[in-house]
Amino acid sequence: MLAVLPLVGSQDVPAAGTWKLNVGKSKFSPGPAPKTGTLVIELQGDSIKTHLEEVEVDDSQTGYEYAAVLDDNKDYPLTGSSKPARLGGAETISVRRAGSNAWAGHFKKSGQIVMTNRLVVSKDGKTLTLSANGADAKGQPVSVVSVWDKQ
């Protein structure tokens with residue numbers, strides 16, 4: 001999974017919190033989708049921290065985390081030794097606002113964009129939809145629309 005985060009310093013931070021992947025409403029191409037996923041988004045001072053964990057169909061665990069400042073055009077490191085293959089070997093991410101309840105990110109490897117994503121939180125704050133497009137570690141096209149339910 002791929003995750004981008006909320007408006008820092010805002011009184012209303014709709015993406016902050018814990019989210020569970022709704023596998024039945026999500027689409028992963030190529031598949032298969034993970035069995036489960038948990039996404040935690042936190043505010044830390046003027047930055048945001050994202051932590052993603054997934055259990056894949058073979059029961060292996062993947063995930064990553066990062067802390068970043070929105071809209072500063074800087075790349076921040078992705079950490080985690082078992083990042084999902086669909087991230088294309090990404091090493092860094094930059095994040096920016098893309099609307100009142102939307103954010104966008106660029107996942108990069110060696111300074112080159114390998115995956116872009118857009119995160120949108122529903123008006124009622126109960127659903128987060130993340131759309132991602134790019135290439136996996138083998139250069140094959142990846143398209144994901146993942147739906148997350150607020151916990």
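The values are calculated or read from the model by the stated rules, or taken from the named source; none is laboratory data. Here the structure is a predicted model, which means the values were calculated and not measured. Backbone-built Cβ (ideal geometry, glycine too); neighbour counts: all protein chains shown.
Take the conditions of a type in the set (G, A, S) and more than 22 Å from P141 (Cβ to Cβ) and apply them to A90. Does it pass? No.
Given D71, D59, which one is in a loop (DSSP other than H, G, I, E, B), more than 12 Å from the chain's Cα centre (by Cα), modelled with pLDDT of 95 or more and on the phi > 0 side of the Ramachandran plot?
Result of the check over D71, D59: D59.
Screening V145 with (1) closer than 15 Å to W19 by Cβ; (2) among the hydrophobic types (A, V, I, L, M, F, W, C); (3) in contact with a Gly (Cβ under 9 Å, 6 or more places away or on another chain); (4) in contact (Cβ under 8 Å) with a residue 24 or more places away in the chain gives one miss only, at (3).
With the condition kept exactly as written, say whether any residue in region 83-100 is over 19 Å from S26 (Cβ atoms), acidic (D, E) and touching a Lys or Arg at 6+ places or on another chain (Cβ under 9 Å). Yes - at least one qualifying residue is present in region 83-100. Count of region 56-72 residues, restricted to those that are of a type in the set (A, V, I, L, M, F, W, C) and either within 21 Å of G89 (Cβ to Cβ) or in contact with a His (Cβ under 9 Å, 6 or more places away or on another chain) (or both), is 3.
Residues checked against (1) under 13 Å from the mean Cα position of the chain (by Cα); (2) modelled with pLDDT under 95; (3) outside any strand (DSSP E or B); (4) on the phi > 0 side of the Ramachandran plot:
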residue: R97; (1), (2), (3), (4): no, yes, no, no
residue: H106; (1), (2), (3), (4): yes, no, no, no
residue: V120; (1), (2), (3), (4): yes, no, no, no
residue: K138; (1), (2), (3), (4): no, yes, yes, no
residue: D149; (1), (2), (3), (4): no, no, no, no
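With respect to (1) at pLDDT 90 or above; (2) among the hydrophobic types (A, V, I, L, M, F, W, C); (3) in contact with an Asp or Glu (Cβ under 9 Å, 6 or more places away or on another chain), the lone exception for A132 is condition (3). Restricting the first member to region 115-141 and to residues that are over 22 Å from G88 (Cα atoms), and the second to residues that are aromatic (F, W, Y) and surrounded by 15 or more Cβ atoms within 10 Å (Cβ to Cβ), the beta-carbon pairs closer than 6 Å and six or more apart or on different chains are L128/W19; L128/W148. For region 74-87, the candidate set comprises residues that are within 16 Å of the chain's Cα centre (by Cα) and among the basic types (K, R); within that set, the residue that is farthest from G139 (Cα to Cα) is K83. Residues of region 34-49 that are at pLDDT 95 or above and buried (at least 19 other Cβ atoms within 10 Å of the Cβ): P34, G37, L39.
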